[in-house]
Amino acid sequence: MRLGTRWSSGDEPPVSLPAAFRDRVRAVDGGLDADPRPKWTLTWLEGRPVAELETGVVVSLDAAGEPVVGQIDDDEF
């Protein structure tokens with residue numbers, strides 16, 4: 001079992017994440033202009049990282065293990 005964590009956008013993502021995943025999170029952070037900075041929440045789903053920003057942006061891994069960025073659709077809930 002892996003535990004998740006939280007951190008503020010703009011802060012360094014956890015080193016437990018793959019380098020390409022951390023790069024994708026940093027890219028999302030670079031496009032934000034918010035004060036206060038939203039928080040990321042990292043969870044692990046079937047051993048794969050899923051990082052969700054309070055704005056609804058989600059970074060996850062696709063079937064090939066490449067990081068992808070998506071958006072939570074409020075209509076799904």
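The values are calculated or read from the model by the stated rules, or taken from the named source; none is laboratory data. Model, not experiment: these values are computed from the prediction. Cβ: placed from backbone, ideal geometry, glycine included. Neighbour counts: every protein chain shown.
Cβ-Cβ under 7 Å, sequence separation 6+ or interchain: first residue in region 59-77 and under 12 Å from Pro18 (Cβ atoms), partner at pLDDT 95 or above and among the hydroxyl-bearing types (Ser, Thr, Tyr). Which pairs? Pairs that qualify, where the first residue is under 12 Å from Pro18 (Cβ atoms) and the partner is at pLDDT 95 or above and among the hydroxyl-bearing types (Ser, Thr, Tyr): there are none.
Here Ser60 meets the list (1) buried (at least 16 other Cβ atoms within 10 Å of the Cβ); (2) part of a loop (DSSP other than H, G, I, E, B) almost entirely, failing just condition (2). Selection within region 3-34: residues that are of a type in the set (Asp, Glu) and either in contact (Cβ under 8 Å) with a residue 60 or more places away in the chain or assigned to a loop (DSSP other than H, G, I, E, B) (or both). The member of this set that is farthest from Glu66 (Cα to Cα) is Asp33. Within the option set Thr43, Thr55, being surrounded by 12 or more Cβ atoms within 10 Å (Cβ to Cβ), more than 15 Å from Gln71 (Cα to Cα) and of a type in the set (S, T, N, Q) holds for one residue only, Thr43.
For Pro38, the criteria (1) exposed (fewer than 12 other Cβ atoms within 10 Å of the Cβ); (2) of a type outside the set (Gly, Ala, Ser); (3) touching a residue at least 24 places away in the same chain (Cβ under 8 Å) hold in every case but one, which is (1).
Residues that are in a helix (DSSP H, G or I), within 14 Å of Leu61 (Cβ to Cβ) and β-branched (Val, Ile, Thr): does region 35-50 have at least one? Scanning region 35-50, I find no residue that is in a helix (DSSP H, G or I), within 14 Å of Leu61 (Cβ to Cβ) and β-branched (Val, Ile, Thr), so the answer is no.
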